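The values are calculated or read from the model by the stated rules, or taken from the named source; none is laboratory data. All values derive from a computational prediction rather than experimental measurement. Every residue, glycine among them, receives a Cβ derived from its backbone with ideal geometry; neighbour counts consider all protein chains shown. These area figures cover heavy atoms from the full protein model, side chains too; ligands, DNA and RNA do not enter into them. Shrake-Rupley method; radii C 1.70, N 1.55, O 1.52, S 1.80 Å.
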Amino acid sequence: GWQASMKSGSLSYILPCNRLPVQLMRQVRVYTSSGQKKDPGSEETTGSAPQETLNKAGTGRQDTSNAGQKQSFIKEPIQVKVKAVLKKREYGPKYTQNNFITGVRAINEFCLKSSDLDQLRKIKRRSPHDDTETFTVYLRSDVEAKSLEVWGSPEALARERKRRKEAEIKYRENLFRNQRLLREYKEFFGNTKPRSSAAAMFFKGPGKVVMVAICINGLNFFFKLLAWVYTGSASMFSEAIHSLADTCNQALLALGISQSARTPDPSHPYGFTNMRYIASLISGVGIFMMGAGLSWYHGIIGLLHPHPIESLLWAYCILAGSLVSEGATLLVAINEIRRSAQAKGLSFYQYVVQSRDPSTNVVLLEDAAAVLSVAVAATCMGLTSLTGNPYYDSVGSLGVGTLLGTVSAFLIYTNTEALLGRSIQPEQLQRLTELLESDPVVRAIHDVKATDMGMSKVRFKAEVDFDGRVVTRSYLEKQDIELLLQEIQQVKNLEELEAFMLKHGENIIDTLGAEVDRLEKDLKQRNPDVRHVDLEIL
C-alpha cells in the first residue's frame, strides 16, 4: 500500500493507506514546556492538503469503514512527553543577602568598625592565597542588619557614605599633606612582606659594588681636575669629565637600588623592581650627554684652536693612580657578576647582555671604559710630549668620547629591552609548559606568556583547560560515598535535586580553585624565579 505523512507541530505520524485519520486533528493537543496549551488552529490548516488527498484516494472505502476506523482512532490515547525544565531563578536581594562579604568590605561599604564585626557570625572559607589556609567572612544579611543597628536607618547610612566619599576625595586632593595618615593606613592593614633595610643593601651584592665605585670615582675626579688645571691637557679634561659622569651616574644607581626595595602598594602591586633599570637607563643617557658630549666638544675645540701643553709629569702620575683605582673597581664588578652568573646557570657574557643586574652592569662597563680611556689618554699625551704636536691630545679626547658613546648606547639598548617586558628564555618557558601539561587535571594550555620583570622575577600567564572529570573525581575522593549515595536516594522532586546540585556544585568549584592554587604553588617551588602566576580557567 501507499503511505501518507501528517505533521502537527513537532509530532509526525506515518500511517498506512487503509487507516485514514480523518478525525485525528481534533484529538491532538500540543503543550509547551511551561504547561500551556497551544492553539491547534495552525496545525489544522497545515494538515488540510494531506486530508484532501486522502479523501480523493479512498472514496470507495470510506462509506463502509469510516465509522469503525473513526471509533478506533478516538479510543487510542495520544501521549505527549513534556521536558522537565528547572524554573529560572531570579537572583534578587532576597538571594544575594546570604552572600559572603569580607571584613574589609564590610567596614568600607557599611561604615562599620572592626569591633562591630566581633558580634556577628563568622564563617571560615578557603583562602585564595598561599600564606593562609582559611579566612573569615560574614553573611551580608548580618552585616546589613548591624549597619542599620549602628546608624539607625538607611538614610543615615547613605549620608555617612556620602560624607566619607567627600572626605576621601578631599584626602586624595591633599595627598602630600596627608602622608602621615597614609602611613597609618598601611600599618592598620599590614604589609605583604617586611621591608628590607635600605642601608643593609649597600654592604653586599650590587649595592656594595656601587658604593665602592662612587668613592673611587669621586677621588679620581678631584685629582684629574687638579691635573687639568695644572697642565691644560684636553685629554686630562676629558678624563676629569669622565670621572664626574661616573660619580653622578653611580649615585643615581644607588638611588635606584634604594627605591627598588620599596614595599608594593595598591598603585604599584608588582613592586618597584624596575627602578634599577630606570636608573641605569638615565645613567646611560647621562654618560652620553656629559661624558661623550663634553669630550667630543673639547676635542673639536682643541683641533680648531690648538695651544701648547705644559709639563705632563703630574698628569701621568694621576693617570697611573686612576688606572689602579679603576682597575680595582672593575675587578670587584667582575667578581660580583661572575658569582651571580654561576648562581643563575648563565655564562658571563649572557648575564651581561641580558642585563640581569643593571646596576652592576653599569659599574662594569663604566670601569672598563675608564681603564681603556686612561690608556688612550696616556698614549695620546705621550705622543704630544714626544712630538710637541697638540693635535694628538685632541684626538685622544675624541677617542675617549667615542668610547663613552659606545658604552652609553649599549646601556640604553639593554635597559630599554628590559623595561619593555621581554620574554624569558625558551628553555625555561618549555620547562614551565611541560610542568603544567604533565599534570592530570590539565587537559590543555593555551596563550602561554612568561615575562621577565627584571631582577630574577618572572610573571607567568596561561589559559588552562581543566579536565572536569578529574576535578570531580578529586572532590569525590574526599567524600563519604555511602553518605553521598544516601543523599541521592533521598532526592524526590526538583527542589531537592536543585538543593543537592547547588551544594555539591559549589564544593566542586572550590575544589577547582584548590587545584589552581596547587598548580601555582608547584610552579613557584620548582622555578624560584616565578613570582607571579596568573592561570585563567577556560
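The heavy atoms of Trp296 present about 80 square angstrom of accessible area, all protein chains included, probe 1.4 Å. Ranking Leu494, Leu476, Phe466 by Cα position along the charge dipole of segment 426-537, where only Lys, Arg, Asp and Glu carry charges on their C-beta atoms, puts Phe466 farthest toward the positive end. Put the Cα centre of segment 133-148 next to the Cα centre of segment 310-353 and the gap is 62 Å. Residues Tyr391, Tyr138, sorted by accessible area with the largest first, give Tyr391, Tyr138 [1.4 Å probe; ligands and nucleic acids excluded].
Can you give me the C-alpha center-to-center distance between segment 237-308 and segment 453-522, rounded to a whole angstrom? That distance is 55 Å.
Can you bin segment 197-307 into rounded, prolate or oblate? Criterion: square roots of the alpha carbon gyration tensor eigenvalues sorted a ≥ b ≥ c, rounded for a/c under 1.5, prolate for a/b above b/c, oblate for the rest. Since a/c reaches 1.5 but b/c is at least a/b, the shape of segment 197-307 is classed as oblate. Pairs exceeding a 30 Å alpha-carbon distance, out of Lys146/Lys492; Lys122/Lys503; Lys503/Lys524; Lys113/Lys170: Lys146/Lys492; Lys503/Lys524. Classification of segment 283-366 by its C-alpha gyration tensor yields an oblate form. The axis ratio a/c (a ≥ b ≥ c) is 1.5 or more, and b/c is at least a/b.
Label positions at Val491 and Glu155, each projected 7 Å from the Cα along the C-beta direction, are separated by 5.0 nm. Rounded, prolate or oblate for segment 198-420? Axes are the square roots of the Cα gyration tensor eigenvalues, ordered a ≥ b ≥ c, and the cut-off for rounded is a/c under 1.5. Prolate, because a/c is 1.5 or more and a/b exceeds b/c.
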